[in-house]
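Trainee: Quick one: the structure is below, and I'll ask about it shortly.
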Amino acid sequence: MKPSKMIGGDYSLELNNIYHTGQVEPASCFQKLFGSVQTGLILKDITLEVRAGEVMAILGSKGSGKRALLEVIARRSKGLSRGQILLDGRPLTQAMFNQCCAYVGHRADLVPSLSVQQTLHYAANLSIGSQISGYVKDSRVRQVLADLALSQVARHSVEALTEGEYRRLVIGTQLVKDPVLLLLDEPTAGLDPLTTYLVVSMVSSHAKRRGRAVILTMEKPRSDVFPFLERVAYLCLGDLVYAGPTRMMLDYFRAVGFPCPEMENPLMYYLCLSTVDRRSRERFVESNAQIVALVEKFKMEGAPYRKSSAMSVLLGSPTGDHQSNSHPYPYSAQESSITQIGMTLYQRQFASTFGCSWQALFYLTARLIALPVAFLLIWMFYRDIKDYQTTFISRSGLLLTCITTTYLTSIFTTVYTFAPHRTRYYQENQDGTYNGPLFLISYFTFSLPLAFLTVAGSSAILYQLMKFNSWTELSLFAAVLLSCYLFAEQLVVAVMAISKNMYNTSVFCIYVVSVMIVLGSGMLRSYRGMSDWLSWITYATQTRR
């Protein structure tokens, strides 16, 4: 899809009669397995609009459907949805959203060993194609750093950032591609008042300067963010209580008999009005009936507010100043090639391991030094080994110790170094940036030389102790250890594709490797002493092959 055929300069996002049915409570593994997950209607007849250069806040209490609405817009929702979502008058498909829009979830994990500037640099290379020059990409990164007040910490590692700086950086990884529509799920949750003000003001400034539409959710809006919101929508249990310009919100609620008291935060006041009071049965019935009446009232009288332009309310004209400086085509309209994405993933792996942060030093130590140090300890324990096997310290035991140590070191190293990139992959894969095979190819391409170096160095430590007769025997010994190291690494990667918990992954992989060593190595139990069925099982283990 060519950029010129994608988005016009003055566009809008329209939601018409959106219904969504999905999971309404957490489900156990058995419920998911047998398809008995309890579902219900989460969104009910949602109709609203947001235009270029505007910031819309979706307000509601927990469970009101705010996140579900964002996921429906982003085409990430699980369940049945019906209704019409139009961007610039055309149906918003998942491919179109991934190409020119962006979604920032409530929880986003970045690679901790990278610097702030590196994080934005690699985010730009992953989402902006090679048709855009490197100078333009670097300029865009510097602009985002300045817009989000991150220039002073550009060289700081991600792990050293404060909560507010981290949240702004997460937003920056999406802003760097200049999306025409930006969805933010609770961007100010857990932040102090000043940081909340900064985040909302920076997002609003970006929307007006670049002519972009922004939708964000908030659970506890403060009064000082009111001037930055052109539109607001109130949700209660999936129903729309109000959707329209914030400046017309006061007039609407005053007209239906609910004026906002003086010296009161209007955003919070009407949020409380749109929330069911569960303090007592009487208050529950009363507030529920009141909300039902407000929902029906807005369905009958809310059409002029939904389609009314916030800019016309503020400026008295249907157009705003943002359009003169609007940038209709996002940088991400030029898609990155597979080669560029693969190279960027490799470079990010390299930077995260050979960086200057403490986390990078830990990754480098785990990959290159951990196994040689372990083998040095083995050498210290076995240095008095004799040439005959009747002693307590034998060469069979030395070989078994080397194999076991290689397995365990590889497991622990991979668990800690692969986890951040695995988590980042899942989030970038949802954005449609790249797929799993490309991620694994880039990871193992980077990991293989490091595995070869650490195994080669470890084998050399035991060269004299093992009393090899030639370099060929040493090479065979190193090849055996390398196969064990790579097998354990691939086992961890496969398990971590299913398990999110690092501890559970480590325990499971150690158990699998222990069974392989006991059954398949032939050092702890003779093959001849096994029953036939157990002997056949050993052929499936890597240690026997």
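The values are calculated or read from the model by the stated rules, or taken from the named source; none is laboratory data. On a predicted model such as this, the values are computed, not experimentally measured, just so you know. Here Cβ is always computed from backbone atoms with ideal geometry, including for glycine, and neighbour counts include all displayed protein chains.
Trainee: What about SER458, is it farther than 28 Å from ILE171 by Cβ, in contact with a Ser or Thr (Cβ under 9 Å, 6 or more places away or on another chain) and not assigned by TED's automatic domain parsing to the domain that holds TYR103?
Mentor: The answer is yes for SER458.
Trainee: All but one of (1) surrounded by fewer than 16 Cβ atoms within 10 Å (Cβ to Cβ); (2) out of contact with any Leu (no Cβ under 9 Å at 6 or more places or on another chain); (3) charged (D, E, K, R) hold for LYS220; which doesn't?
Mentor: Going through the list (1) surrounded by fewer than 16 Cβ atoms within 10 Å (Cβ to Cβ); (2) out of contact with any Leu (no Cβ under 9 Å at 6 or more places or on another chain); (3) charged (D, E, K, R), LYS220 breaks only (2).
Trainee: Evaluate the range 178-201: report whether one residue or more is under 14 Å from VAL104 (Cβ atoms) and assigned to a helix (DSSP H, G or I).
Mentor: yes
Trainee: List pairs: first residue in the range 439-451 and within 17 Å of ILE341 (Cα to Cα), second residue surrounded by 13 or more Cβ atoms within 10 Å (Cβ to Cβ) and polar (S, T, N, Q) anywhere in the structure, Cβ distance under 6 angstrom, at least six positions apart or on different chains.
Mentor: Pairs found: PHE446/GLN349.
Trainee: Would you tally the residues in the range 64-103 being surrounded by fewer than 22 Cβ atoms within 10 Å (Cβ to Cβ) and either part of a strand (DSSP E or B) or assigned by TED's automatic domain parsing to the domain that holds GLN349 (or both)?
Mentor: So the count comes out to 9.
Trainee: Here's a follow-up. Kindly provide the set of residues from the range 432-450 that are in contact with a helix residue (DSSP H, G or I) (Cβ under 6 Å, 6 or more places away or on another chain) and assigned to a loop (DSSP other than H, G, I, E, B), ordered by number.
Mentor: Hits for the range 432-450 are GLY432, THR433, TYR434.
Trainee: Mind checking which pairs have a first residue in the range 144-159 that is in the same structural domain as THR195 (by TED's automatic domain parsing) and a second that is among the basic types (Lys, Arg) and surrounded by fewer than 16 Cβ atoms within 10 Å (Cβ to Cβ), Cβ under 8 Å, 6 or more apart or different chains?
Mentor: SER151/ARG142
Trainee: Which residue, of LEU399, LEU376, LEU371, LEU364, is assigned to a helix (DSSP H, G or I) and farther than 16 Å from ALA478 by Cα?
Mentor: After ruling out the rest, the residue left standing is LEU364.
Trainee: Moving on. Quick one: in the range 154-166, which of the residues that are surrounded by 18 or more Cβ atoms within 10 Å (Cβ to Cβ) and in contact with a strand residue (DSSP E or B) (Cβ under 9 Å, 6 or more places away or on another chain) is farthest from SER205 (Cα to Cα)?
Mentor: This residue is SER157.
Trainee: Among the residues of the range 113-146, write down those that are surrounded by fewer than 20 Cβ atoms within 10 Å (Cβ to Cβ) and either within 16 Å of the chain's Cα centre (by Cα) or among the small types (Gly, Ala, Ser) (or both).
Mentor: Those that are surrounded by fewer than 20 Cβ atoms within 10 Å (Cβ to Cβ) and either within 16 Å of the chain's Cα centre (by Cα) or among the small types (Gly, Ala, Ser) (or both): GLY129, SER130, SER133, GLY134, SER139, ALA146.
Trainee: When residues of the range 461-505 are filtered for being of a type in the set (Gly, Ala, Ser), assigned to a helix (DSSP H, G or I) and closer than 27 Å to LEU398 by Cα, how many remain?
Mentor: Here the count works out to 5.
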